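Asker: First the structure, which I've put down as C-alpha cells, then a few questions once you've had a look.
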Amino acid sequence: MELNKKDFFIKAGIVNLTIVALIGTLMRYKIGFEFPFFNQKNLLHAHSHYAFSGWVTHILFTLMVIYLGDHIRSVSLYYRLLTANLICAAGMLVSFTIQGYGAVSIFFSTLSILTGYCFAYFYVNDLKTKPNHPSKPWFKAALFFNVLSSLGTFYLAYMMVTKNLQQHAYLGSVYFFLHFQYSGWFFFAIVGLVIDRFSGFKNFHYQPAMFKYFAAACIPAYFLSILWAKLPWYLYILPVFAVILQLLGLLMLVKMVLRHLFQIRSEWPFAVKWLLGLAFLALVIKLMLQAGSVFPEISKLAFGFRSIVIAYLHLVLLAFTTLFLLGYLLLCGHLPYGKRSVFALVAISAGVFANEFVLMVQGVASFGYILIPYLNETLFGISLLILLSLVLLLSAFKKT
C-alpha cells in the first residue's frame, strides 16, 4: 500500500474513533443532563454501527492489507473496498442518527455487509499467494466469523421490517452478531497481527494447537451468551466444552508472550508496552468472565443488569480491541510518537479503565438496588476525557 494512501486510511480510522467518542459523550450528556435534541435509541444504533464499521473493521481491513504487502494482485481494488466501507459507515452514522432502523439505514448496513463479503473473497484469494505464515489461518478465520456474524444482522433487520419482534429471537440475533464480531472477527484478526509481529523475534516459536483450540471454541461459545434462554441440557455441554478450549488457548497465548517478554521489554517503546499490556489484561479478564458465565445463575445475574452488559461490551470494544489497535498502530509507526501523542494515548487508556471501573461499581450496586450519587455525571466526565484525548491525538498528526 502506498505511503500516502496508508496514512489517509489510518487517519480516517482515528477520525472515526473520535466521532464514536463524540456520540458516546453526547449520549452520556443526555442521560445526566437535559438535552432534548436527538433520539437516544437512534444515537445508540449510530454509535455502535459506526464503532464497528468505521473504526474497528476499517482499521483491521487496512492493517490486513498492509500485511499482504507485495502479494496484493490489485491495490486499487482494496482502495475501493476501504473507501466503500468508509462511505457505508458514514451513511449508517447519519441515517441511524436521524431515523434509527429504517430503509436508508438498512440499505447502508446491507451495503456494508456486502463490502465485507467482497473484501473476504478477494483477501482470501490473495492470501494464497503469500508464503506459509502462522498468521494466515487466523486472518482466514477472522473473515469467516465476520461473514458469519452478518446472519444475526440480517435476521434482526428482518424482524424490524416485518414488525415481528420476539424478545428471545431479538436478543439471540443481537448476541449472535456481537459474539462473532467480538470473539470471532476482532479477536482472530488481532491475534493474527500479534503473531505477525512476534514472528520477527529471534527464536520465534509458534504452536498451531493454539489456533485449533480457539477456532473450535468460537461457535459453541455463542451459547454462553444465551444461557438465559433455558437451553436443553444437551446444549449446555457446548459452552462448557468451549470454555475449556478457550482456557487452553489462553494458556498457550500467555506462554507465547512470556517466551518473548525480554525482547518486548527491550525493543518496544513504553507507550506501546503500556497499551498492549492493558489490552492483554482486558483479554484475560474477558475470557475469565466467559468462563464464569458457564454457571447459569451467574449468567442470569449478569445479563439481568444492563450496566453489567454495557461494562462487558465496553471491556471488549474499548479496553481490549481499541487499546490494542492504538498500541499496534503506534508500534508499527502508523501513529506519531511524541510527547503529545503519548500523553493522549495514556489519557485515553486511563479514561477507558476509569469507565470500566465506574460501570463495574454501578453493576455491583445494582445488585442491592443502591443508587450512587453523581454516577451519570462521572461517566460523562470520563467520556469527555476520552474525547478530548482523541482530539489531542489527532492534533499530533497535524504537528507531525
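Asker: Out of Y328, Y337, which single residue is touching a Pro at 6+ places or on another chain (Cβ under 7 Å) and farther than 14 Å from I285 by Cβ? Steps first, answer last, please.
Answerer: Details: Y328 fails: touching a Pro at 6+ places or on another chain (Cβ under 7 Å).
Exactly one of Y328, Y337 is touching a Pro at 6+ places or on another chain (Cβ under 7 Å) and farther than 14 Å from I285 by Cβ, namely Y337.
Asker: I would also like to ask the following. Counting just the residues of region 181-208 that are over 24 Å from L151 (Cβ atoms) and in contact with a Leu (Cβ under 8 Å, 6 or more places away or on another chain), which one comes out modelled with the highest pLDDT? Walk me through how you get there before you give the answer.
Answerer: Taking region 181-208 first, the residues over 24 Å from L151 (Cβ atoms) are 193-208.
Then keep just the ones that are in contact with a Leu (Cβ under 8 Å, 6 or more places away or on another chain); that gives 193, 197.
Numbers: L193: 96, R197: 92.
Result: L193.
Asker: Any chance region 341-356 includes a residue that's assigned to a loop (DSSP other than H, G, I, E, B), in contact with a helix residue (DSSP H, G or I) (Cβ under 9 Å, 6 or more places away or on another chain) and not charged (D, E, K, R)? Outline the logic, then answer.
Answerer: In the first step, residues of region 341-356 are kept if they are assigned to a loop (DSSP other than H, G, I, E, B); the result is none.
Checking region 341-356: not a single residue is assigned to a loop (DSSP other than H, G, I, E, B), in contact with a helix residue (DSSP H, G or I) (Cβ under 9 Å, 6 or more places away or on another chain) and not charged (D, E, K, R).
Asker: Can you say whether L178 is assigned to a helix (DSSP H, G or I) and either in contact with a helix residue (DSSP H, G or I) (Cβ under 7 Å, 6 or more places away or on another chain) or in contact (Cβ under 8 Å) with a residue 60 or more places away in the chain (or both), as far as the supplied structure shows? Steps first, please.
Answerer: On the way: assigned to a helix (DSSP H, G or I): yes; either in contact with a helix residue (DSSP H, G or I) (Cβ under 7 Å, 6 or more places away or on another chain) or in contact (Cβ under 8 Å) with a residue 60 or more places away in the chain (or both): yes.
Judged against the criteria, L178 is a match.
Asker: So is A229 over 21 Å from K286 (Cβ atoms), hydrophobic (A, V, I, L, M, F, W, C) and either surrounded by fewer than 21 Cβ atoms within 10 Å (Cβ to Cβ) or touching a His at 6+ places or on another chain (Cβ under 8 Å) (or both) or not?
Answerer: Working: over 21 Å from K286 (Cβ atoms): yes; hydrophobic (A, V, I, L, M, F, W, C): yes; either surrounded by fewer than 21 Cβ atoms within 10 Å (Cβ to Cβ) or touching a His at 6+ places or on another chain (Cβ under 8 Å) (or both): yes.
When the stated conditions are applied, A229 passes them.
Asker: Could you tell me whether region 272-284 includes any residue that is at pLDDT below 90 and surrounded by fewer than 21 Cβ atoms within 10 Å (Cβ to Cβ)?
Answerer: First, pick out the residues of region 272-284 that are at pLDDT below 90: none.
No, that holds for no residue.
Asker: Kindly list the number of the only condition in (1) among the β-branched types (V, I, T); (2) closer than 17 Å to F187 by Cβ; (3) crowded, with 17+ Cβ neighbours inside 10 Å that fails for V294.
Answerer: (2)
Asker: Looking only at residues that are out of contact with any helix residue (DSSP H, G or I) (no Cβ under 6 Å at 6 or more places or on another chain) and not in a helix (DSSP H, G or I) in region 317-337, which one is farthest from L392 (Cα to Cα)?
Answerer: Checked region 317-337; the qualifying residue farthest from L392 (Cα to Cα) is C332.
Asker: Given the residues S76, S48, which is the only one that is part of a helix (DSSP H, G or I), more than 18 Å from the chain's Cα centre (by Cα), over 19 Å from L143 (Cα atoms) and among the hydroxyl-bearing types (S, T, Y)? Explain how you work it out, then say what you get.
Answerer: Working: S48 fails: more than 18 Å from the chain's Cα centre (by Cα).
When all the criteria are applied, what remains is S76.
Asker: Hey, L93 hits all of (1) farther than 17 Å from A51 by Cα; (2) part of a helix (DSSP H, G or I) but one; which does it fall short on?
Answerer: (1)
Asker: Show the residue pairs meeting these rules: Cβ distance below 7 Å; 6+ apart or different chains; first residue within region 306-324 and in contact (Cβ under 8 Å) with a residue 40 or more places away in the chain; second residue in a helix (DSSP H, G or I) and of a type in the set (S, T, N, Q).
Answerer: Partner pairs satisfying both residue conditions: S307/Q362; S307/S366; H314/N355; L323/S349.
Asker: Within region 157-170, can you find the residues that are surrounded by 15 or more Cβ atoms within 10 Å (Cβ to Cβ) and either without any contact (Cβ under 8 Å) to a residue 12 or more places away in the chain or within 12 Å of T110 (Cβ to Cβ) (or both)?
Answerer: Passing the criteria: only A157.
Asker: Same structure, new question: Show the residue pairs that are 6+ apart or on different chains and have beta-carbon atoms under 8 Å apart, the first residue being within region 200-219 and in contact (Cβ under 8 Å) with a residue 60 or more places away in the chain, the second being surrounded by fewer than 14 Cβ atoms within 10 Å (Cβ to Cβ) and of a type in the set (A, V, I, L, M).
Answerer: none
Asker: Right, here's the next one. Restricting region 335-385 to residues that are free of Cβ contacts under 8 Å to residues at least 24 places away in the same chain and among the hydroxyl-bearing types (S, T, Y), which is surrounded by the fewest Cβ atoms within 10 Å (Cβ to Cβ)? Before the answer, list the steps.
Answerer: If we filter region 335-385 for residues that are free of Cβ contacts under 8 Å to residues at least 24 places away in the same chain, which is where we start, we get 339, 357, 361, 364-365, 368-375, 378, 381.
Restricting the remaining residues to those that are among the hydroxyl-bearing types (S, T, Y) gives 369, 374, 378.
Working: Y369: 6, Y374: 10, T378: 18.
It comes out as Y369.
The values are calculated or read from the model by the stated rules, or taken from the named source; none is laboratory data. Being a predicted model, the structure only gives us computed values, none of them experimental. Positions of Cβ are backbone-derived with ideal geometry, glycine not excepted, and every protein chain shown enters the neighbour counts.
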